[in-house]
Every structure is written in structure tokens, then in C-alpha cells.
Amino acid sequence: MKKTLFDKVWDAHVVQKIENGPDVLFIDRHMVHEVTSPVAFLGLKNRSIPVLYPERTFATADHNTPTINQHLPVEDPLSAKQLKALEENAKAHGISYWGLGHEKNGIVHVVGPEYGITQPGATIVCGDSHTSTHGAFGAIAFGIGTSEVEMVLSTQCIMQPKPKSMRINVNGQLGKSVTPKDVALYIISRLSTSGATGYFVEYAGDVFQDMTMEGRMTVCNLSIEMGARGGLIAPDQKTFDYIDGREFTPTGEALEKAKAYWDTLYTDEGAAFDKEYHFDAADIEPMITYGTNPGMGMGITKNIPNADQTQGGATTYKKSLNYMGYNEGEDMLGKPIDFVFLGSCTNGRIEDFRAFTEVIKGKQKAENVTAWLVPGSHKVLQAIKDEGLLGILHDAGFELREPGCSACLAMNDDKIPAGKYAVSTSNRNFEGRQGPGSRTLLASPIVAAAAAVTGKVTDPRTLL
Amino acid sequence: MAYDKFNILTSTAVPLPIENVDTDQIIPARFLKATERKGFGDNLFRDWRYNQDGSPKEDFVLNNPIHGGKILVGGKNFGSGSSREHAAWAVYDYGFRCVISSFFADIFKNNCLNIGVLPVQISAAFLADIFAAIEADPKTELVVDLPQQTLTLSATGQSESFDINAYKKGNLSNGFDDIDYLLNIKQDIQHFGANTPL
């Protein structure tokens with residue numbers, strides 16, 4: 001029988017099939033962070049059971065960590081307590097723990113690939129919806145709730161029905177200043193935030209084949225924003241070169257065993273998908289969002305659609321524009337902005353900092369803009385320094401902060417004030433996501449950079 | 001974690017006719033800092049429910065005393081966004097045992113099922129009728145019958161069936177959770193784990 005890539009990886013991990021029920025799926029790698037794990041560890045304690053496979057479990061602190069003065073004690077007592085709980089739980093159960101200040105610390109979905117925890121064909125879960133990031137390596141990776149975190153800690157399995165399959169093909173050549181972020185925002189704008197709910201997506205076509213591994217991570221990261229459980233891309237030589245020699249990449253006999261499996265990781269010619277889409281790369285512009293969900297995005301030169309041109313209900317649509325302080329039919333170009341956030345598991349990698357720096361090089365940060373530049377990990381931070389990007393950023397009036405999730409979800413002090421506009425390279429523009437009353441415009445690092453030096457929404461193609 | 005068994009629920013319902021209600025609205029990230037599962041209901045829909053000074057927003061449905069009950073009725077694509085189970089905990093802790101919508105986001109739906117909140121997905125037309133019925137009479141009662149898998153508007157008898165897989169239905173009816181099941185097949189799991197390629 002002809003199988004999709006997703007079928008192959010899923011089927012290789014089914015411990016048991018329950019009739020009229022879910023599959024019991026074995027999980028190869030479990031990433032854990034401070035916010036969604038404490039209640040799960042408490043559950044283990046209440047049942048008096050251990051973590052079944054500590055060696056398959058990896059803990060890092062990222063969601064509520066400060067991004068300045070990380071060498072000092074965490075000021076917020078609730079955050080400090082949660083971080084302490086993770087440290088103690090990791091220690092008690094023999095789990096590797098990369099806490100605040102650790103040289104390998106960073107956003108869970110940035111450090112996973114960096115250290116080779118992420119492997120092709122693996123099943124990877126984490127109590128975080130952007131776990132889909134790891135699909136870039138041809139892994140089945142998805143976010144889970146805390147009850148499921150407890151399940152995986154205690155039994156290394158979850159119970160879920162197999163999702164339906166979708167393939168999204170994008171072929172052709174991407175235009176100038178069109179990045180992987182724009183490809184993803186374009187797809188989400190076409191499918192809506194619920195267009196892929198119930199599906200697991202495979203991305204295929206020239207555009208994804210030509211993308212770097214980091215670009216693929218950005219695309220897969222945003223799969224959840226169209227409702228998909230996750231998204232994945234077939235591994236190729238680029239994937240194998242990327243994982244080669246990383247700390248947790250298998251070696252010796254284990255590597256040979258893994259390679260035999262990896263060689264099977266592609267969708268068979270003629271395998272059937274439940275749904276399939278085709279898009280043309282030439283139709284994709286640098287994107288920006290104008291509303292309060294990631295599906296409310298458009299090419300940066302377009303006008304905000306009228307309610308009657310959109311798929312959802314007019315009441316919800318108008319509520320959203322009202323929150324943003326925008327009107328139907330308006331241009332986004334030229335809209336004033338107050339903040340720029342470069343970072344997150346979506347766009348907090350070295351290529352994102354390179355792209356941002358390329359645009360701002362030789363220019364100056366606009367006076368009306370507060371810019372928060374937050375590397376996804378210490379490794380990214382080090383690369384920014386090693387590659388000489390830091391000097392260029394400083395010369396242009398930008399400061400760098402320390403790694404973490406930061407203003408993407410504003411659990412720490414990095415909150416956009418009420419009513420202010422932030423051009424953000426993160427993943428969600430929900431009401432209040434970046435701080436109570438904050439207004440988010442999602443965009444690529446290049447569009448964020450253009451906004452940072454002009455103080456308003458600007459087409460980066462006019463600057464480069 | 002064990003929860004109350006779900007059988008037949010008859011209750012008035014709280015209407016929230018907004019689409020794409022995301023989990024950041026259900027519970028904002030700044031309220032996710034607890035290390036225990038308690039008190040989340042206080043911050044359910046925090047920023048829609050309260051002003052920044054903590055005073056209630058009069059026009060939000062949870063602050064309207066004419067509405068109440070153990071059922072929350074939401075617009076299409078309810079629970080999108082973050083995987084935070086805290087959203088489902090907040091719904092449960094506030095006192096809801098059932099959420100009705102014409103479409104649910106996957107992770108939220110799973111999280112609800114795992115903690116004993118029943119997500120009931122019905123047609124867009126029936127959802128519109130339910131919103132209209134509650135608007136006409138806030139005392140309108142709904143009957144959620146898990147054994148029969150039906151949702152009924154008491155006053156008119158209008159009814160629709162809903163899907164739930166037999167395994168999850170059994171769990172909810174008996175108050176079981178998945179870990180009970182998985183711990184029972186631990187040997188199979190370990191045997192499987194010893195033979196995985198990764």
C-alpha cells in the first residue's frame with residue numbers, strides 16, 4: 001500500500017490500536033518547559049510513579065524567564081517558583097535540565113534542533129503548540145496539554161486518533177524579500193485559522209525543497225496557526241547535513257539503524273491525501289497581519305479587506321478591526337508603529353538576525369520605535385556576536401536582550417503596553433497576546449527591520 | 001487526574017457568540033504561573049471580563065446575572081491557539097462541564113476530554129438556533145445526553161446528535177483517564193520502546 005511520509009512515521013510508532021478509539025502512540029522525544037509541566041509532575045507524585053524514560057525527556061526554561069539580567073535572581077516570585085519547580089522536578093527524575101544561565105538554555109523549539117534532540121522520523125511532543133517546528137526534519141511533532149505531558153512522563157505514550165492528511169504544495173520562485181514567514185502567513189491567510197484543523201500537513205514543492213532548515217522550521221512552526229496538529233517536510237541531504245555531529249544525534253550502530261529508517265522517509269508516489277492545495281510562489285508578497293488572528297494577513301501593499309470579502313462572520317471581523325484601531329479598506333503601508341519584536345520560536349534563529357541586520361545596516365532605528373531583539377538561544381546569541389552582527393546592530397541604535405520566549409506571549413516583563421502597535425516576528429496576534437491591550441502586526445524579520453528604521457509599516461523592497 | 005463522571009446534563013447555558021475564541025482570551029498567559037491546578041476559574045476570559053483596574057466589564061456575558069449554568073456555548077473554531085490546558089481548567093474551575101460549538105480547535109478539544117469537560121460539536125444552523133433561543137429566554141435549558149450522544153433544546157425538543165469516540169465516551173462516563181489505561185499496558189510499551197529505531 002502506498003503511504004505518505006506522515007503514515008510511515010505514525011505507523012512506526014503505534015504501540016496499540018484501540019477499536020473505535022485512539023491509537024497508543026510511542027513518543028521518542030519529550031521536551032518539557034516550566035509552564036505546562038508542574039501540574040503533570042504533581043500528578044506523578046500523587047500516583048507515586050517515576051518518569052518512565054528520563055533519557056528521552058529534555059527540560060529547558062524559556063516561557064517566563066526574564067531577558068535582561070539573567071545572572072540575577074528572578075524578581076517575579078511566581079515565575080521564580082515555577083522555574084524552581086522545573087529544576088527540582090528534573091533533578092528528582094534524572095532529566096537533563098538546561099535552566100536559566102545554562103550555556104544550552106533557550107527556547108525549547110530552538111534548542112531541540114540545535115543539539116540534535118530533533119531527529120528525522122521521530123515522534124516529538126511538548127506542552128506547547130509550536131512543537132510543530134520540529135516537523136522541519138520529517139518528524140511528527142505536535143503540542144499537547146498538561147494531562148498528556150503527565151501521560152508521556154509516566155508512560156512515554158499518548159492516546160490520539162490518527163489525524164487526516166493534507167499536502168500543501170508551493171512551487172515556483174519566491175520574489176525579492178519574500179521569506180519562509182511570508183510563505184506561511186500567505187498559506188494561513190488562504191486557509192484561515194481553522195482551515196487545517198483535524199489534519200497533519202506535509203509541505204511539498206520547490207519552495208520548501210529550496211528552503212534552508214531554519215526556513216523550514218519557521219514554516220512548520222506556524223502549522224498550528226491554521227489549526228493543523230502539525231506540519232512536516234520530507235528529510236533530504238540538507239536535513240542529514242544539519243543533524244550530522246550534533247550532541248544528541250545517534251552515532252555508531254544506532255546511527256546505522258536510524259539511517260536505514262531515514263531512507264524510507266518520503267511520501268510514496270501516488271499516495272493519497274485527504275486534502276491537497278497548490279499555490280504559486282509568484283503570488284506571495286512580503287506579508288503583514290491587520291487583525292487579531294494569524295489568518296488575517298495580506299500582502300503588505302494590499303488594503304484591509306471589507307467584512308463582506310472575508311470568510312467568517314462580520315461581527316467577529318469588525319470586533320477584531322475595532323480592537324486594532326483599523327478600518328476596512330485602509331492601506332497598511334505607512335501605519336505608525338511603536339514597538340518591534342524580533343525573536344520567538346518562529347523567527348529567533350541566526351538566519352533571522354542576519355536578515356534583520358542586512359536591512360538595518362547603515363541606517364538608524366527610528367526614534368519612535370522601541371525594539372526588543374531577543375535571540376532564541378544562547379547558541380544564537382553567540383553566533384550573533386561571532387558573526388559581527390552585534391556591532392552593526394549597536395551602530396544602528398539597537399540593543400540585544402538575553403534568550404527566551406519574551407514578548408511573544410509576554411509572560412515575563414516584556415509586555416507591549418495597551419493600545420501600542422508592535423511589528424512582531426512571533427506567531428500570534430491575538431488580543432492581548434503581547435500584553436493586555438497590545439496590538440500585534442505579524443511579519444517577517446525583514447518587514448520588522450524595515451518598520452524599525454522607518455517607524456511605520458514599510459515595504460522592505462523599497463529599502464533594499 | 002480523576003474527575004466527576006459525565007452522564008446527562010440539564011442546564012441553562014452561557015452564550016458567547018464570537019468566532020475564533022482563542023486560548024489567550026480564555027486565559028491570558030500571565031495567569032499561567034501556578035504550580036498547582038487551582039483557582040484558574042477566577043481568570044477565565046480575564047481581559048474580556050475585567051477592566052485593567054480589576055473592575056468587571058458590565059457588557060461581558062459572564063458579568064450578566066441573567067446568564068448562568070454549566071454549559072458554555074461558543075462560536076465557530078472555539079479554543080484555537082496555544083496548547084495550554086489551563087484554558088480547559090479555567091472553563092472547568094469556573095463551573096462549566098460542557099462546551100458547545102459548531103467547530104473546535106484540536107488541542108483544546110483533547111484537553112477538555114482529558115479533564116472531564118465534554119466538547120459538543122453541532123451544526124452551524126443548530127448553534128444559531130441555540131443562540132437565538134437563549135437570547136429570547138435566558139432560562140432556556142439544554143439537555144446534553146452523553147449515553148445517547150444527543151443535544152436537545154428542552155423547550156422545543158429540537159435535537160441533534162454529536163460524535164465522540166467510544167473509548168473517550170467510556171472514560172467520561174466512568175471518570176477514567178488515559179494514564180490508568182496506559183499504566184495497564186506498560187509492559188507492551190517498554191517492549192516497544194526497546195525496539196524503536198530512535
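Structure values in brief
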| item | result |
| --- | --- |
| Residue within segment A:247-268 that is without any contact (Cβ under 8 Å) to a residue 12 or more places away in the chain and in a loop (DSSP other than H, G, I, E, B) present | yes |
| Single residue of B:Phe40, B:Phe31 found to be more than 7 Å from chain A (Cβ to nearest Cβ), more than 26 Å from B:Asn171 (Cβ to Cβ) and either charged (D, E, K, R) or crowded, with 18+ Cβ neighbours inside 10 Å (or both) | B:Phe31 |
| Complete set of residues in segment A:182-221 that are acidic (Asp, Glu) and either surrounded by fewer than 24 Cβ atoms within 10 Å (Cβ to Cβ) or in a helix (DSSP H, G or I) (or both) | A:Asp182, A:Asp206, A:Asp210, A:Glu214 |
| Identity of the residue in segment A:2-29, out of contact with any strand residue (DSSP E or B) (no Cβ under 7 Å at 6 or more places or on another chain) and charged (D, E, K, R), that ends up farthest from the other protein chains (Cβ to nearest Cβ) | A:Lys2 |
| Number of positions in segment B:43-85 that are within 12 Å of chain A (Cβ to nearest Cβ), buried (at least 20 other Cβ atoms within 10 Å of the Cβ) and on the phi > 0 side of the Ramachandran plot | 4 |
| Selection from segment A:379-404 of residues that are outside any loop (DSSP other than H, G, I, E, B) and of a type in the set (A, V, I, L, M) | A:Val380, A:Leu381, A:Ala383, A:Ile384, A:Leu389, A:Leu390, A:Ile392, A:Leu393, A:Leu400 |
| Of all residues in segment A:35-81 being more than 9 Å from chain B (Cβ to nearest Cβ), surrounded by 14 or more Cβ atoms within 10 Å (Cβ to Cβ) and polar (S, T, N, Q), the one that is nearest to the chain's Cα centre (by Cα) | A:Thr60 |
| Top-ranked residue of segment A:129-144 - restricted to ones that are more than 10 Å from every other protein chain (Cβ to nearest Cβ) and of a type in the set (Ser, Thr, Tyr), ranked as nearest to the chain's Cα centre (by Cα) | A:Thr133 |
| Of all residues in segment B:137-146 being buried (at least 19 other Cβ atoms within 10 Å of the Cβ) and not in a strand (DSSP E or B), the one that is farthest from the other protein chains (Cβ to nearest Cβ) | B:Thr140 |
| Residues satisfying the stated conditions in segment A:225-240, i.e. more than 18 Å from the chain's Cα centre (by Cα), among the charged types (D, E, K, R) and part of a loop (DSSP other than H, G, I, E, B) | A:Asp236 |
| Pairs, first at negative phi in segment B:86-98, second in a loop (DSSP other than H, G, I, E, B) and among the charged types (D, E, K, R), C-beta under 7 Å, six or more apart | B:Trp89/B:Arg37; B:Phe96/B:Lys70; B:Arg97/B:Lys70; B:Cys98/B:Lys70 |
| B:Ile134, sole failed condition from (1) under 29 Å from A:Met226 (Cα atoms); (2) over 15 Å from the mean Cα position of the chain (by Cα); (3) more than 14 Å from every other protein chain (Cβ to nearest Cβ); (4) surrounded by 20 or more Cβ atoms within 10 Å (Cβ to Cβ) | (1) |
| Out of B:Pro119, B:Pro138, sole residue that is under 24 Å from A:Gly313 (Cα atoms) and touching a Cys at 6+ places or on another chain (Cβ under 6 Å) | B:Pro119 |
| Any hit, segment A:150-167, residues being closer than 26 Å to A:Gly291 by Cβ, hydrophobic (A, V, I, L, M, F, W, C) and more than 9 Å from chain B (Cβ to nearest Cβ) | yes |
| Hey, A:Gly299 buried (at least 16 other Cβ atoms within 10 Å of the Cβ) and at the interface with chain B (Cβ under 10 Å from one of its Cβ atoms) or not | no |
| Odd one out for B:Trp89 among (1) under 14 Å from the mean Cα position of the chain (by Cα); (2) under 30 Å from A:Gln311 (Cβ atoms) | (2) |
| Residue that is nearest to the other protein chains (Cβ to nearest Cβ) [pool: residues in segment B:107-130 that are assigned to a helix (DSSP H, G or I), within 12 Å of the chain's Cα centre (by Cα) and over 11 Å from A:Ser147 (Cα atoms)] | B:Ile107 |
| Hey, A:Gly99 away from chain B (no Cβ under 12 Å), closer than 26 Å to A:Pro113 by Cβ, loosely packed, with under 15 Cβ neighbours inside 10 Å and of a type in the set (Gly, Ala, Ser) or not | no |
| Among (1) at pLDDT 95 or above; (2) within 9 Å of chain A (Cβ to nearest Cβ); (3) closer than 30 Å to A:Lys81 by Cβ, the one test that B:Asn20 misses | (3) |
| Matching residues, segment A:365-380, being of a type outside the set (Gly, Ala, Ser) and within 14 Å of A:Cys345 (Cα to Cα) | A:Leu373, A:Val374, A:Pro375, A:His378, A:Lys379, A:Val380 |
| Single residue of A:Ala407, A:Ala449, A:Ala422 found to be in a strand (DSSP E or B), crowded, with 24+ Cβ neighbours inside 10 Å and small (Gly, Ala, Ser) | A:Ala422 |
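One line per residue, one yes/no per condition, for (1) under 23 Å from the mean Cα position of the chain (by Cα); (2) in a loop (DSSP other than H, G, I, E, B); (3) at the interface with chain A (Cβ under 7 Å from one of its Cβ atoms):
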{"position": "B:Gln148", "(1), (2), (3)": "yes, yes, no"}
{"position": "B:Leu151", "(1), (2), (3)": "yes, no, no"}
{"position": "B:Asp163", "(1), (2), (3)": "yes, yes, no"}
{"position": "B:Lys169", "(1), (2), (3)": "yes, no, no"}
{"position": "B:Ser173", "(1), (2), (3)": "yes, no, no"}
{"position": "B:Phe176", "(1), (2), (3)": "yes, yes, no"}
{"position": "B:Gln187", "(1), (2), (3)": "no, no, no"}
{"position": "B:Phe192", "(1), (2), (3)": "no, no, yes"}
{"position": "B:Thr196", "(1), (2), (3)": "no, yes, yes"}
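Let's see how each residue does on (1) touching a residue at least 60 places away in the same chain (Cβ under 8 Å); (2) within 18 Å of the chain's Cα centre (by Cα); (3) surrounded by fewer than 24 Cβ atoms within 10 Å (Cβ to Cβ); (4) in the same structural domain as A:Met226 (by TED's automatic domain parsing):
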residue	(1), (2), (3), (4)
A:Gly106	yes, yes, no, yes
A:His109	yes, yes, no, yes
A:Gly127	yes, yes, no, yes
A:Thr146	yes, no, no, yes
A:Gly175	yes, no, yes, no
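The values are calculated or read from the model by the stated rules, or taken from the named source; none is laboratory data. Bear in mind the structure is a predicted one, so any value in this text is a computation, not a measurement. Glycine also receives a Cβ, built like all others from the backbone with ideal geometry; neighbour counts cover every protein chain displayed.
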